[in-house]
Structure formats: structure tokens, C-alpha cells
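The next block holds one structure in the form of C-alpha cells; read it before the comments.
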Amino acid sequence: MATVFAIETSCDETAAAIVKNRQVCSNVVASQIKIHQPYGGVVPEVASRSHLEMLNQVVAQCLAQAHFTWAEIDGIAATCAPGLVGALLVGLTAAKSLAIVRQKPFVGVHHLEGHIYAAYLSEPDLQPPFLCLLVSGGHTSLIHVKDCGVYETVGQTRDDAAGEAFDKVARLLQLGYPGGPIVDKLAAMGNPQAFALPEGRISLPEGGYHPYDSSFSGLKTAVLQLVQKLKKERDNCDSEGSLRDAVINDIAASFQETVAKSLTKRAIACAVNLGLKTIAVGGGVAANSGLRQHLQAAAAKHDLRVLFPPLKYCTDNAAMIGCAAAEHLERGHISPLTLGANSRMSLGDVMELYHV
Ligand code: KG4
Ligand code: ZN
């Protein structure tokens, strides 16, 4: 049983955790959301600086919470790809330094593999193969999880990620950042059938549509055009010309319904066609109530199991990184200390991170 100290700094959460195999001993996350809020999105340089300011405290808090000493730690891990390079470098450099000073093996982790491993934290007996629906601000993927380090991305978005679409729609409705939780809340008060919005589909050269890939940029444009049209009709607006709350709620509900149905349709088709019995959902959009309802109902019809790990493991955290690293370490997968940060890296290439 490997015990790993892990750091995650790929975007806007400064996080550290201690994980003993699939069990979380401590998990600390310092969110930068408030720092980026005035800009309406993550500012990379600001994120790197904030990681630098926060990391020492987060590491100290993590060790204190678990009452662990370095002697009990078998390896040190950090997210090394994909993500914002400046942000990744902060956590990666800290982890490599700790590995040198404490004379421990170092394990670099692919961020998306971390999201997959969040499923094992909530269900320690889970065994591959299964399907992972990863829906976050940066990614929308359907991943066939075959074994530790063996992944096939079978479907993905061709443009905006699902979370990004929520954030962009919230911005055009002037609701604030991050948009997903706000749209979700307003959608609960609206009518999901109020407006028909187009589900983005990817045409295939041989005819028909790609069964698993998605597209959200057209949907976002359709919401923009809908807002412009509704604003021209006086009944929909208040005395200052802004859309009435009830109309905004209906737009939020209709948009959420379209995204949830689109993701559900693809995930179910994928699991059924590949003969996979479990769908594990990860990423911040896993919190979405529309997605939860649609996916759970459709899975029940097809006799599939859906896992929604606790939200603290769905959004960015270091526990999921530590969980992935512990399994790599047990298999003797160790990274060189020369490992660099990489803004892009395919999940299919994860084994390049290790000497095997
Ligand atoms: O996984 P995450 O914390 O960060 C990364 O992108 O890696 O995901 C953040 C994304 C944001 O786009 C946010 O708007 C979205 O997840 N999100 C939601 C909800 N909560 C967070 N989207 C829809 N409904 C929600 N309840
Ligand atoms: Zn993430």
C-alpha cells in the first residue's frame, strides 16, 4: 500500500493531499475563484503568482491535518500536464524539490488521469474497465478506462468544453463567474422546454453524425441570438431594457436541458456500444443537477451503474492526483526529476511520464 503526498496546481486551485492507496488521509484546497472573479475567468499569470503565495501554507496544513511525518510517505507526486504552464511549474517544482530533499521517488501525474481516479476514491473496489465522462471547465471527454495508464479517449468536444459553455452563457446573461453553479440554480426555477435550442452534432464524411463527439459553441451562439431576439420584445424586458428574471430562468433551464441531454445521450451510447457497465462522472460539471437527473434516469433504463464521486473530488483537488500516483508507484512507475510541465498532453501518452 503506497502512501503519497500529492500537489495539484494546474489551474486555479492550490491543492495538496496525502493518500494511502485509495483512502484520503488529508485533502486541502485553496481556491482562487475570488481572485479571478473580477476578470470573469482565470488569468494565467495571476494564477501562477497565487500558487506561489499559497503553496507553502497548503502543504503545511495538509501534513498537519494527517499527522503524518515524511518518514511515512512513500512518494511525492504532482500534476505535470495538461494545464497552465506557469501554474503547473509551481507545484511540479515544489514536488520535485521535496522528492530530492526527502529522498523519495517522484511521480508526475496527468491531470485527466487524476480526474479518472476520483472515481476510485468514492468507490475503492471499482475495477476497470469502465467509462469516465469527464466534464469540466477545460475538458469534455468520454474515456474508456482499460487499466492504470491505459486509456482511450473515444469521444470529446470539438470546440468549447461543457463547463466553458456554462461559463460563457452565464457571461452573456450577465450572471457572474463561474457560471455553472449560477445557471444550475436559476434553471431550477425555469421551464426546460421554454426554448428549443440546437444540440451540437458533428457530421461524419460518410454521412450521419459522430456518436460520441460533441460541440457546444453553436449552442452558445444560439443562446446569444435568442437573447438578442427576446430583448427586442418589450414584454420580456424590465423598464431598463434588461431581460426579466423569469425569462432568464427559462433560458438557463432550456440551455442546461440541452447540454445535459447531449452529454447523457453520448455517454449512454458509448457505454452500451463498448459493453461497459459503469459510467464514472468527473469534473466540475458533475455537480450539475440536470446532468445528474438525465444520466441517472437513462442509466437505470439501460441497467448501467453511474458513479458521481463527492463534489470535492470532482472539482480540481490533489487527492485524485495522489490516488493515481499511488497506483503508479505500486507498479514501479517513477518519473525522472527532469520531467517538465506540459500545457497539452494526450491521455493516451501518460506512460511516457514514467521509467518503466
Ligand atoms: O473541474 P473544475 O472545478 O475545473 C476545471 O475546469 O478543471 O470545473 C469547473 C467548471 C466551471 O466551468 C464551472 O462553471 C462548472 O465546472 N460547474 C458547473 C456546476 N458547478 C461547476 N457547471 C454546471 N453546473 C454546475 N452545478
Ligand atoms: Zn480539472
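The values are calculated or read from the model by the stated rules, or taken from the named source; none is laboratory data. Keep in mind that what you see is a predicted model, and the values were worked out from it rather than measured. Heads up, the Cβs are rebuilt from the backbone with ideal geometry, glycines too, and the neighbour counts pull from every protein chain shown. Side chains are part of the model used for accessible areas, which takes the heavy atoms of the whole protein and leaves out ligands, DNA and RNA. Shrake-Rupley method; radii C 1.70, N 1.55, O 1.52, S 1.80 Å.
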**Prompt:** Taking strands (runs of 3 or more DSSP E) that fall entirely within segment 62-155, which contain at least 1 residues that are modelled with pLDDT of 95 or more and open to solvent by 10 Å² or more (accessible area, probe 1.4 Å)?
**Reply:** 140-147
**Request:** For residues that are open to solvent by less than 60 Å² (accessible area, probe 1.4 Å) and within 17 Å of the chain's Cα centre (by Cα), scanning just segment 324-356, find the one that is nearest to ALA17 (Cα to Cα).
**Result:** ALA324
**Request:** Would you check if there is a residue in segment 281-295 being among the β-branched types (Val, Ile, Thr) and within 16 Å of ligand 2 (Cβ to nearest atom)?
**Result:** yes
**Message:** For the condition surrounded by 17 or more Cβ atoms within 10 Å (Cβ to Cβ), within 16 Å of ligand 1 (Cβ to nearest atom) and not assigned by TED's automatic domain parsing to the domain that holds SER136, what is the one hit in VAL24, VAL28, VAL58, VAL19?
**Reply:** VAL28
**Request:** Go through segment 109-125 and count every residue that is farther than 12 Å from PRO309 by Cα and either out of contact with any helix residue (DSSP H, G or I) (no Cβ under 9 Å at 6 or more places or on another chain) or away from ligand 2 (no atom under 16 Å from the Cβ) (or both).
**Result:** 1
**Residues of segment 166-180 satisfying the condition of being part of a helix (DSSP H, G or I), open to solvent by less than 40 Å² (accessible area, probe 1.4 Å) and more than 7 Å from ligand 1 (Cβ to nearest atom)** = VAL169, ALA170
**Request:** Considering only segment 246-333, give the helices (runs of 4 or more DSSP H) lying wholly within it that have at least 1 residues that are of a type in the set (Val, Ile, Thr).
**Result:** 319-330
**Fill in**
By residue number, the members of segment 166-218 that are of a type in the set (A, V, I, L, M, F, W, C) and within 16 Å of ligand 2 (Cβ to nearest atom) are PHE166
**Within segment 38-55, tally of residues that are open to solvent by 40 Å² or more (accessible area, probe 1.4 Å) and either of a type in the set (Ser, Thr, Tyr) or under 19 Å from the mean Cα position of the chain (by Cα) (or both)** = 4
**Item:** Of all residues in segment 136-165 being touching a Phe, Trp or Tyr at 6+ places or on another chain (Cβ under 8 Å) and under 17 Å from VAL42 (Cα atoms), the one that is nearest to ligand 2 (Cβ to nearest atom)
**Value:** ALA161
**Request:** Output the residues belonging to segment 288-323 that are more than 10 Å from ligand 1 (Cβ to nearest atom), open to solvent by 10 Å² or more (accessible area, probe 1.4 Å) and either out of contact with any strand residue (DSSP E or B) (no Cβ under 9 Å at 6 or more places or on another chain) or more than 16 Å from ILE116 (Cα to Cα) (or both).
**Result:** GLN293, HIS294, GLN296, ALA297, ALA298, ALA300, LYS301, HIS302, ASP303, LEU304, PRO310
**Prompt:** What pairs can you find where one residue is in segment 309-333 and closer than 13 Å to PRO124 by Cβ and within 15 Å of ligand 2 (Cβ to nearest atom), the other is among the charged types (D, E, K, R) and in a loop (DSSP other than H, G, I, E, B), and their Cβ atoms are less than 6 Å apart, with a gap of 6+ or different chains?
**Reply:** CYS323/ARG22
**Request:** Could you please find all residues in segment 141-165 being at negative phi and in contact with an Asp or Glu (Cβ under 8 Å, 6 or more places away or on another chain)?
**Result:** ILE143, HIS144, LYS146, CYS148, TYR151, GLY155, GLN156, THR157, ARG158
**Prompt:** How many residues are loosely packed, with under 15 Cβ neighbours inside 10 Å and over 20 Å from the mean Cα position of the chain (by Cα) if we restrict to segment 181-203?
**Reply:** 7
